[in-house]
Amino acid sequence: MMPNTQKNASRLTVHLVCLLIGIVSLYPLVWMVASSLKESSQVFVSAHSLIPTSWDFGSYISGWRGFAGITFGTFFKNTVIIVCSVVAGTLVSCSLIAYGFARIPFRLKGFWFATVMLTLLLPGQIVQIPQYIIFYKIGWVNTFLPLIVPAFFGSAFFIFLLLQFIRTIPYELDEAAKIDGCSRFGIFYRVILPLIKPALVTAAIFEFYWAWDNFFGALIYLGRPQLYTLSVALRLFADPSSGTDWSAMFAMATLSLIPPILVFFIFQRYIVEGISTTGLKG
């Protein structure tokens, strides 16, 4: 009886710790949602309270109107276009590159793979200036292209993720497909691609989060308000020269969090499956 009691007590302790961590992690989100339902002048006056004294949904209406005749629907549309394009480009490029490293023999493959992995150690700030100069000279500034096109040239993190997943697939399946007359691309499309679906979904979800939250890139390359994404548009609420509409800012921030939350809850089983099965073979 004693071992069972100790086991139950330790399990209860673990659950309580997890619950405490969950409450601490969710508190900022709950505070933001509660603040979006308060009057702007009361957001920080009653910051300690999560229950508004008077429920004000007008912040969602005023926030959705946007700025200078540009509604937040435009910012949502811009963000969706960029994010969907980036996710598609990442999946296509990274899956092809990972398949090449995993299955196709070529000279200096180890050297090129090490070169790709070394780019993980390269801070993004170092390549930001030369990238901007290149995009400026070819006339891509103030367009979505600088934010979308680089995704079609692969990402070292997702290449490694998909490569490790492909290595868990028996090579005999490739041989059987080759006997049936499949080409290299046929093996990739008909054999490898369906089997790496969990890893592809995992890569898509992570890239979706990162692209949806990309503030620095959008701030640099998008100079016209008609092209702003959500992350840049939210910054427009903060005006140091005049009053800041805090409740409208929190209201639009709350709406901008809905798509990532929905994506997580719909595809979370693929995240667990993709991470747990990636890297079992090296």
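The values are calculated or read from the model by the stated rules, or taken from the named source; none is laboratory data. Bear in mind that the values here come from a model prediction, so they are computed numbers and not experimental data. FYI the Cβ positions are ideal-geometry reconstructions off the backbone, even for glycines, and counts take in every protein chain you see. In case anyone asks, the SASA skips ligands and DNA or RNA and just uses the protein heavy atoms, side chains included. Shrake-Rupley method; radii C 1.70, N 1.55, O 1.52, S 1.80 Å.
How many residues does the stretch 115-141 hold that are more than 30 Å from ARG224 (Cα to Cα) and more than 25 Å from the chain's Cα centre (by Cα)?
0
Got a sec? Which of PHE157, PHE152 is open to solvent by 70 Å² or more (accessible area, probe 1.4 Å), modelled with pLDDT of 90 or more and over 19 Å from TYR221 (Cα atoms)? Lay out the reasoning, then the answer.
On the way: PHE152 fails: over 19 Å from TYR221 (Cα atoms).
Of the residues listed, the single one that is open to solvent by 70 Å² or more (accessible area, probe 1.4 Å), modelled with pLDDT of 90 or more and over 19 Å from TYR221 (Cα atoms) is PHE157.
Does SER40 satisfy being open to solvent by less than 70 Å² (accessible area, probe 1.4 Å), touching a helix residue (DSSP H, G or I) at 6+ places or on another chain (Cβ under 9 Å) and of a type outside the set (Lys, Arg)? So that I can check it myself, show each step before the final result.
Numbers: open to solvent by less than 70 Å² (accessible area, probe 1.4 Å): yes; touching a helix residue (DSSP H, G or I) at 6+ places or on another chain (Cβ under 9 Å): yes; of a type outside the set (Lys, Arg): yes.
Against the criterion (open to solvent by less than 70 Å² (accessible area, probe 1.4 Å), touching a helix residue (DSSP H, G or I) at 6+ places or on another chain (Cβ under 9 Å) and of a type outside the set (Lys, Arg)), SER40 qualifies.
One line per residue, one yes/no per condition, for (1) β-branched (Val, Ile, Thr); (2) assigned to a helix (DSSP H, G or I); (3) at pLDDT 85 or above; (4) on the phi < 0 side of the Ramachandran plot:
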| site | (1), (2), (3), (4) |
| --- | --- |
| LEU234 | no, yes, yes, yes |
| LEU255 | no, yes, yes, yes |
| ILE261 | yes, yes, yes, yes |
| VAL272 | yes, yes, no, yes |
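Among the numbered conditions (1) open to solvent by 40 Å² or more (accessible area, probe 1.4 Å); (2) not in a loop (DSSP other than H, G, I, E, B), tell me where GLY223 comes up short.
That leaves (2) as the condition not met.
What number goes with the only condition from (1) open to solvent by less than 40 Å² (accessible area, probe 1.4 Å); (2) within 20 Å of PHE152 (Cβ to Cβ); (3) hydrophobic (A, V, I, L, M, F, W, C) that LEU120 does not pass?
Every condition holds for LEU120 apart from (1).
Is it the case that SER40 is under 19 Å from MET252 (Cα atoms), small (Gly, Ala, Ser) and at pLDDT below 85?
Details: under 19 Å from MET252 (Cα atoms): yes; small (Gly, Ala, Ser): yes; at pLDDT below 85: yes.
Against the criterion (under 19 Å from MET252 (Cα atoms), small (Gly, Ala, Ser) and at pLDDT below 85), SER40 qualifies.
For the condition surrounded by 14 or more Cβ atoms within 10 Å (Cβ to Cβ), free of Cβ contacts under 8 Å to residues at least 24 places away in the same chain and farther than 25 Å from ILE148 by Cβ, what is the one hit in ALA251, ALA177? Reasoning before the result, please.
Values: ALA251 fails: free of Cβ contacts under 8 Å to residues at least 24 places away in the same chain.
The unique qualifying residue is ALA177.
Being open to solvent by less than 10 Å² (accessible area, probe 1.4 Å) and modelled with pLDDT of 90 or more narrows it down to one residue among ALA218, ALA199, ALA204; which is it? Explain how you work it out, then say what you get.
Working: ALA199 fails: modelled with pLDDT of 90 or more; ALA204 fails: open to solvent by less than 10 Å² (accessible area, probe 1.4 Å).
Sole residue among the options that is open to solvent by less than 10 Å² (accessible area, probe 1.4 Å) and modelled with pLDDT of 90 or more: ALA218.
Go over the candidates GLY58, GLY69, GLY63 one by one and state the one that is open to solvent by less than 100 Å² (accessible area, probe 1.4 Å) and in contact with a helix residue (DSSP H, G or I) (Cβ under 7 Å, 6 or more places away or on another chain).
On the way: GLY58 fails: in contact with a helix residue (DSSP H, G or I) (Cβ under 7 Å, 6 or more places away or on another chain); GLY69 fails: in contact with a helix residue (DSSP H, G or I) (Cβ under 7 Å, 6 or more places away or on another chain).
Testing whether each residue is open to solvent by less than 100 Å² (accessible area, probe 1.4 Å) and in contact with a helix residue (DSSP H, G or I) (Cβ under 7 Å, 6 or more places away or on another chain) leaves just GLY63.
I'm checking my understanding of the structure. Among residues of the stretch 70-101 that are among the aromatic types (Phe, Trp, Tyr) and over 26 Å from ARG184 (Cβ atoms), which one is modelled with the lowest pLDDT?
Step one: filter the stretch 70-101 for residues among the aromatic types (Phe, Trp, Tyr), giving 72, 75-76, 99, 101.
Within this subset, residues satisfying the condition of being over 26 Å from ARG184 (Cβ atoms) are 72, 75-76.
On the way: PHE72: 89, PHE75: 93, PHE76: 93.
Among residues in the stretch 70-101 that are among the aromatic types (Phe, Trp, Tyr) and over 26 Å from ARG184 (Cβ atoms), the one modelled with the lowest pLDDT is PHE72.
Would you pick out the residues in the stretch 34-69 that are aliphatic (A, V, I, L, M) and touching a Pro at 6+ places or on another chain (Cβ under 6 Å)?
The initial filter retains those residues of the stretch 34-69 that are aliphatic (A, V, I, L, M), namely 34, 37, 43, 45, 47, 50-51, 61, 68.
Within the stretch 34-69, just LEU37 meets the criteria.
For the stretch 109-140, which positions are outside any helix (DSSP H, G or I), hydrophobic (A, V, I, L, M, F, W, C) and at pLDDT 90 or above?
Taking the stretch 109-140 and keeping what is outside any helix (DSSP H, G or I), we get 122-123, 138-140.
Adding the requirement that they be hydrophobic (A, V, I, L, M, F, W, C) leaves 122, 138, 140.
Correct list: ILE138, TRP140.
Among the listed residues GLU207, GLU175, identify the single one that is among the charged types (D, E, K, R) and touching a Ser or Thr at 6+ places or on another chain (Cβ under 7 Å). Quick ask: steps written out before the conclusion?
Working: GLU175 fails: touching a Ser or Thr at 6+ places or on another chain (Cβ under 7 Å).
Of GLU207, GLU175, the one residue that is among the charged types (D, E, K, R) and touching a Ser or Thr at 6+ places or on another chain (Cβ under 7 Å) is GLU207.
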